[in-house]
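The values are calculated or read from the model by the stated rules, or taken from the named source; none is laboratory data. Only a predicted model underlies this, so the values are computations on that prediction, with no experimental measurement involved. We place every Cβ from the backbone using ideal geometry, glycine too, and count neighbours over all the protein chains shown.
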Amino acid sequence: MTYDPTDLDDDLDPGAVPGPDDEPTAAERARARSFAELLDKVVAGRAPAAMPAEDRALIEVATVIRAASGAVELSAARRASIVEEALHRAVDKAPPAPGNVVSIASRRAKAPWVIAAITSAVAIAAILALFLRPAPRAAAPTTTAAAPTLPQHLRSRPADPLIGEISRARSGDAAARIDAIFADRLDGFRELSFGGP
Amino acid sequence: MAFEAATASELEEEQRLIERAQRGHLDAMRPILDRYAQPLYATVILPRLGDAATAEDVLRDTMMTAVEKIQRFTWQGKSIYPWLRQIAINKVFDVHRHTKRTRRLADALAHEVPEDSGVEDGADHALIADQERRSHRDRIDATMAEIPERYRLAIQLRLVEELPREDCAARMDVAIGTFDVLLFRAVRAFRKKFGDRS
């Protein structure tokens, strides 16, 4: 028995579908097994990126059936990743507005140059200090007790007060937190090096 | 999976976030996008595309467009979900227009007018998502009714109940190789009929 001999208009699967009781050929058995194994991977969430067009067409139909049955869900991690990516892309494309979210990408683009400039300045200052320092005195008293105490905001310190508790909803926004810490530390460096922010 | 209906306080919170986003604080859209990502993906995009990777791309594009065009949204006392859903459906149509490989699915979708939500205007996202899932289910059941019973059973066991192949074969009292052939033919037969459902 042939299932539907009139339905011959499909370029991806032009042949008629045999009936359930028709004996399969060896080629059809191999093809069916290959499809079943591919479907196993898709159901397990390991769908290969590339597959033959004929297989893809059948996998799409299988996925539509599974989706309508409520069998397909987006994992929480994947959902968060998609939301973050969409927000970042949209924010980068949005025109500047007062109080708008600051584009992290633009800061990132400048960051390597800023870091390189600061590193060079620190290296030059260190070399100059090495050559220009006064000669050591013979019996210099210990200076530990006399060392000036820097204010808290210029010393090494934890970033917790700056960042605060990280809520689950903002857990993916690490770049903004790094930017905030970087800006805070840079202010301290400027104050120490140049006498002001 | 049934989605939970929005409470009045959730709608108020949604309105507050949207107004904040419309004042330029686009970050305020994050909780809204997070809340509606799953129903958009599972009931709007994936059932119309059938490809998980493409569906994720469309979901991301939908969200980007929503954030970019949030100024155009007018709060009318109901959830933003129908607006997001309409953006998603338009994106799905764009994909079907640009790719030829999903012709059968595109044919099956041809009767759906993008502007037609198929649900009441005031319905919230949970009701819309459930109605949409029922609508997909009805179309699939109607197609299933047109294929031989053994094919229906193969699809039911493997794709709806998601039983392992070995269990499906045991339930149908056939060897696993025979079940593979039945499922392969069943999906082919379903596909050939699905495009005719419009």
Next on the checklist: Restricting to segment B:12-50, name every residue that is of a type in the set (Gly, Ala, Ser) and either free of Cβ contacts under 8 Å to residues at least 40 places away in the same chain or more than 9 Å from chain A (Cβ to nearest Cβ) (or both).
Outcome noted: B:Ala21, B:Gly24, B:Ala28, B:Ala37
Checklist entry - When segment A:104-147 is examined, which residues are found to be part of a loop (DSSP other than H, G, I, E, B), of a type outside the set (Ser, Thr, Tyr) and at pLDDT below 65? => result A:Pro136, A:Arg137, A:Ala138, A:Ala139, A:Ala140, A:Pro141, A:Ala145, A:Ala146, A:Ala147
Item to check | Any chance A:Arg168 is of a type in the set (D, E, K, R) and surrounded by 10 or more Cβ atoms within 10 Å (Cβ to Cβ) | outcome: no
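For every residue, the table says whether it meets (1) modelled with pLDDT under 90; (2) surrounded by fewer than 18 Cβ atoms within 10 Å (Cβ to Cβ); (3) at the interface with chain A (Cβ under 10 Å from one of its Cβ atoms).
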site	(1), (2), (3)
B:Asp116	yes, yes, no
B:Gly122	yes, yes, no
B:His125	yes, no, no
B:Glu132	yes, no, yes
B:Asp138	yes, yes, yes
B:Ala145	no, yes, no
B:Gln156	no, yes, yes
